[in-house]
Amino acid sequence: MKLILISITTLLIFATPVFSELTVEDLEKIRSIVKESEDRLKGDLKASEEHLKGDLEKTHSSIKASEERLMKHVDDKFSEMDKRLNMLSGFVIALISLIVIVVGIPQVLMVWRGKEERTQKEQIQELKHEIEALKQHIASL
């Protein structure tokens with residue numbers, strides 16, 4: 001068992017990969033592989049970036065179209081509400097006018113009749129004074 005362990009250890013120590021070194025050609029191959037990978041990654045990044053820009057432009061135009069539709073809808077709703085508000089204010093003005101007419105005309109008539117009654121009362125008072133004066137004049141004769 002010891003013999004096997006020692007022989008395996010010796011073989012592992014003196015194995016060729018242990019003494020191998022990288023040559024200039026090997027380093028150049030590694031550099032070229034790394035450079036190719038970098039170039040491929042840069043190309044992929046540029047393609048992804050262009051794809052994302054395209055998606056961003058599509059999204060931007062979609063958002064803009066949606067915003068325009070929303071603004072049109074809101075404008076339509078506001079104009080509809082404006083029409084309703086104008087109609088409602090017209091009804092309120094008509095109702096106020098009707099109330100003024102219904103309450104105001106009888107009040108004007110009552111005031112006009114009151115003036116007539118006052119003038120009649122004044123005339124009656126004047127006639128009473130004249131009758132009194134005539135009675136006194138007849139009594140003094």
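General remarks:
- Within segment 13-25, tally of residues that are part of a helix (DSSP H, G or I) and modelled with pLDDT of 75 or more: 2
- Only one of the numbered conditions (1) open to solvent by less than 90 Å² (accessible area, probe 1.4 Å); (2) over 35 Å from the mean Cα position of the chain (by Cα) is not met by GLN125, and that is (1).
- Matching residues in segment 128-141 - criterion: being open to solvent by less than 100 Å² (accessible area, probe 1.4 Å) and among the hydrophobic types (A, V, I, L, M, F, W, C): ILE131, ALA133, ALA139
The values are calculated or read from the model by the stated rules, or taken from the named source; none is laboratory data. Since the model is a prediction, treat every value here as computed from it, not as a measurement. Areas reflect the complete protein model, heavy atoms only, side chains present, ligands, DNA and RNA absent. Shrake-Rupley method; radii C 1.70, N 1.55, O 1.52, S 1.80 Å.
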